[in-house]
Amino acid sequence: MTIIYYKNNDEFKSTEINVWSGNFQKDESMIWSHYEQKGFLQKHFSKIYAITNFRVFTYDFEINKMTGLLMMYDLDDIVVTDTYRSYNSIRYGAYGYGMSGGQSRGQSVSMGKIIFMSSGKPIISLNGVTDPNGLKRLTLSVKKALYPKKELQRFLTGVKDDNLSIVRNVSICLRCNTRNVKDASFCSSCGSILK
């Protein structure tokens, strides 16, 4: 179980979740999801790709296991690649007695690959995402609203002043809340990057 601190309505809250579970946890909300199906006559869901307010994950229903996980507070950047436009059209027509008529309509959408990054490394990548730039903007805005780094550090250290320089010799790990020496690059408890 992992304790998560996040901002909600101008105050910080905490909740304890099982990050490796494919089930939604207490206070977890879906932001975006895509289900992959298998089967011809008896279709069934084989995977889910999901972004929630706590994590980005892929879950494989066939092996009943998490196959990719990135906590939202560890998300550093999202890279969009291989974008292209896809056009789908439908044509209706009426034909008879030497006459023809018809109507057509279509829709053009942006498609692409989206890569979720942490500590400069790709963690999860999704291919064929509709409007990948829109999903990137949405995900980063949710992360910024729920996990403001400086405000969260103030909350965890108990410092009320806007000047965080008064916190001497302490750097709080956002993953496990361990107090580390001020200039530490990595958490002494869980190894997460502090800067």
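Given the conditions (1) at pLDDT below 90; (2) surrounded by 10 or more Cβ atoms within 10 Å (Cβ to Cβ); (3) within 26 Å of N53 (Cα to Cα), and given that D76 satisfies all but one, which numbered condition is not satisfied?
Among (1) at pLDDT below 90; (2) surrounded by 10 or more Cβ atoms within 10 Å (Cβ to Cβ); (3) within 26 Å of N53 (Cα to Cα), the lone unmet condition for D76 is (1).
Among what's in segment 100-115 and is exposed (fewer than 10 other Cβ atoms within 10 Å of the Cβ) and either at pLDDT 80 or above or among the hydroxyl-bearing types (S, T, Y) (or both), pick the residue that is farthest from G134 (Cα to Cα). Working first, answer last.
Residues of segment 100-115 that are exposed (fewer than 10 other Cβ atoms within 10 Å of the Cβ), as a first pass: 100-108.
With either at pLDDT 80 or above or among the hydroxyl-bearing types (S, T, Y) (or both) added as a condition, the list becomes 100, 104, 108.
Values: S100: 41, S104: 28, S108: 15 Å.
Ranking the qualifying residues of segment 100-115, first place goes to S100.
Go through segment 20-58 and count every residue that is in a loop (DSSP other than H, G, I, E, B), surrounded by 15 or more Cβ atoms within 10 Å (Cβ to Cβ) and not acidic (D, E).
4
In segment 158-176, how many are at pLDDT below 75 and either surrounded by fewer than 16 Cβ atoms within 10 Å (Cβ to Cβ) or in the same structural domain as V56 (by TED's automatic domain parsing) (or both)?
The qualifying residues number 12.
Give the residue that is farthest from L194 (Cα to Cα), with candidates limited to residues of segment 59-76 that are of a type in the set (A, V, I, L, M, F, W, C) and part of a strand (DSSP E or B). Spell out how you get there, then give the answer.
Step one: of segment 59-76, the residues of a type in the set (A, V, I, L, M, F, W, C) are 61, 63, 66, 69-72, 75.
This time we only want the ones that are part of a strand (DSSP E or B), so: 66, 69-71.
On the way: M66: 26, L69: 19, L70: 16, M71: 15 Å.
Result: M66.
Checking T2 against (1) modelled with pLDDT under 90; (2) within 21 Å of L126 (Cα to Cα); (3) surrounded by 15 or more Cβ atoms within 10 Å (Cβ to Cβ); (4) among the hydroxyl-bearing types (S, T, Y), which single condition isn't satisfied?
For T2, the exception is condition (2).
The values are calculated or read from the model by the stated rules, or taken from the named source; none is laboratory data. Note that the coordinates shown come from a computational prediction; the quantities given were computed from them, not determined experimentally. Cβ atoms come from the backbone with ideal geometry, glycine included; neighbour counts cover every protein chain shown.
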